[in-house]
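J.: Pasting a structure here, questions to come.
The values are calculated or read from the model by the stated rules, or taken from the named source; none is laboratory data. Just so it is clear, the structure is predicted and the values come from calculations on it, not from any experiment. All Cβ positions, even for glycine, are placed from backbone atoms using ideal geometry, and neighbour counts span all protein chains on display.
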Amino acid sequence: MVTSTPPPQQPSSPKLPPERLHQWTTHGFSVGLARRWIGKGFRIAAADQWRNHGVYAPEEAVAWQEAGISPYEVADLLQAGMTPKDIVHWRELGYSPPEALARHIKGEKPQPRIWWKELFSRHEAAPSQLPPAAAASMQVLLQAGVPAAAARMFIDTGWQGVDAVPWAKASINPTQAAVYRELGIQPGEATRLAKAGYDALSILRTWWDGGIPRTEVAAWLGAGFTPAEAAQARTTGTSVEQAAVLRALGGVGKLGGKNRRGTNVSDNPNKPKS
């Protein structure tokens, strides 16, 4: 009996190192971003693949790679608001990425697979693609560095990409952001208000109950007035334009500090009662 010896294994091709920095900048990367991709071991072509499919940070690309996802699989997962941790969690429970995506879109939470239930139950396919306008908005948010899950929250509540970016980057809940925007309050102001314990809906209620027109709330509030003070000022001839000037100068008092009467924020009726 003649035994054949297996052919010697060919050594795998060594992984090519990243290109030099000047090649990245010539390709259109900023120096800082190029250094980050280089630091994670990516070559330009690989970075382009990730960026073309919605992953713009090398750290995120590494996380997706570690979750077993390629650039060609990631777009649908991003549009659904999923993260690498989500994929890992679903996979640990026995679900492939496509199965995890379908269940995530349906609103299901990760739970162990029950094989007999899988065998006898019927599953309707869930659409993995967003409508074109929503997909474009999602792309804008992702490109701005907004995490996929947060971006999807804004898309699902009807925000457009460009409009949503400053609010998403300020970590304002999309529903709260919509109220703040209607009141004319900017994302930076909303962040300070949130840190001081304010709530958009409470602000809306107290100022409207105080008889202040919606279009004037941001100016009076930003200038450090309470609803009662603003109402009194309006009756004594102080205009909203004057309040707007104070707002532009940073207000009479600091948000979260003291207002124009020297009282603490805890005394301010804008703040919801605990």
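J.: Would you check which residues across segment 61-97 are of a type outside the set (Gly, Ala, Ser), over 16 Å from residue 141 (Cα atoms) and assigned to a loop (DSSP other than H, G, I, E, B) and list them?
T.: Taking segment 61-97 as the starting set, the residues that turn out to be of a type outside the set (Gly, Ala, Ser) are 62, 64-66, 69, 71-74, 76-79, 82-93, 95, 97.
Still in the running and over 16 Å from residue 141 (Cα atoms): 62, 64-66, 69, 71-73, 84-93, 95, 97.
Scanning segment 61-97 gives 69, 93, 95.
J.: May I ask you to list the residues in segment 187-209 that are of a type outside the set (Ser, Thr, Tyr) and without any contact (Cβ under 8 Å) to a residue 24 or more places away in the chain? Break it down stepwise before answering.
T.: Looking only at segment 187-209, we keep the residues that are of a type outside the set (Ser, Thr, Tyr), and these are 187-190, 192-197, 199-201, 203-205, 207-209.
If the condition is that a residue be of a type outside the set (Ser, Thr, Tyr) and without any contact (Cβ under 8 Å) to a residue 24 or more places away in the chain, then 187, 188, 190, 194, 205, 208, 209 are the ones that fit.
J.: Taking residue 225, is it in contact (Cβ under 8 Å) with a residue 12 or more places away in the chain, outside the structural domain of residue 241 (by TED's automatic domain parsing) and of a type in the set (A, V, I, L, M, F, W, C)?
T.: Numbers: in contact (Cβ under 8 Å) with a residue 12 or more places away in the chain: yes; outside the structural domain of residue 241 (by TED's automatic domain parsing): no; of a type in the set (A, V, I, L, M, F, W, C): yes.
So residue 225 does not fit the description; no.
J.: Could you please tell me which pairs satisfy a Cβ distance under 8 Å, a separation of 6+ or placement on different chains, a first residue in segment 24-41 that is among the small types (Gly, Ala, Ser), and a second residue that is at pLDDT below 95 and surrounded by fewer than 12 Cβ atoms within 10 Å (Cβ to Cβ)?
T.: Here the result reads 41/15; 41/17, each pair linking segment 24-41 to a residue that is at pLDDT below 95 and surrounded by fewer than 12 Cβ atoms within 10 Å (Cβ to Cβ).
J.: Of the conditions (1) modelled with pLDDT of 90 or more; (2) not in a helix (DSSP H, G or I), residue 164 satisfies every one except a single condition; which number is it?
T.: With respect to (1) modelled with pLDDT of 90 or more; (2) not in a helix (DSSP H, G or I), residue 164 is out only on (2).
J.: OK, next. Only one residue in 205, 247 is modelled with pLDDT of 80 or more, closer than 19 Å to residue 185 by Cβ and part of a helix (DSSP H, G or I). Which one? Explain how you work it out, then say what you get.
T.: Numbers: 247 fails: modelled with pLDDT of 80 or more.
Residue meeting the stated conditions: 205.
J.: Still on this structure: Out of segment 12-39, which residues are modelled with pLDDT of 50 or more and either assigned to a loop (DSSP other than H, G, I, E, B) or over 38 Å from the mean Cα position of the chain (by Cα) (or both)? Give the steps one after another, and end with the answer.
T.: Initially, segment 12-39 is screened for residues modelled with pLDDT of 50 or more, giving 13-39.
If the condition is that a residue be modelled with pLDDT of 50 or more and either assigned to a loop (DSSP other than H, G, I, E, B) or over 38 Å from the mean Cα position of the chain (by Cα) (or both), then 13, 14, 15, 16, 17, 18, 19, 20, 27, 28, 29, 30 are the ones that fit.
J.: Anything in segment 185-198 that is at pLDDT below 85 and surrounded by 16 or more Cβ atoms within 10 Å (Cβ to Cβ)? List them, or say none.
T.: Residues satisfying the conditions are 194, 196, 198.
J.: Looking at (1) over 24 Å from the mean Cα position of the chain (by Cα); (2) at pLDDT 70 or above, find the lone condition where residue 262 falls short.
T.: If we test residue 262 against (1) over 24 Å from the mean Cα position of the chain (by Cα); (2) at pLDDT 70 or above, just (2) comes out false.
J.: Here is a follow-up. Could you check, for segment 48-69, whether at least one of its residues is in contact with a helix residue (DSSP H, G or I) (Cβ under 6 Å, 6 or more places away or on another chain), over 28 Å from residue 107 (Cβ atoms), surrounded by fewer than 20 Cβ atoms within 10 Å (Cβ to Cβ) and modelled with pLDDT under 95?
T.: yes
J.: What do you reckon, is residue 224 in a loop (DSSP other than H, G, I, E, B) and either modelled with pLDDT of 90 or more or under 15 Å from residue 244 (Cα atoms) (or both)? Break it down stepwise before answering.
T.: Values: in a loop (DSSP other than H, G, I, E, B): yes; either modelled with pLDDT of 90 or more or under 15 Å from residue 244 (Cα atoms) (or both): yes.
Criteria met by residue 224.
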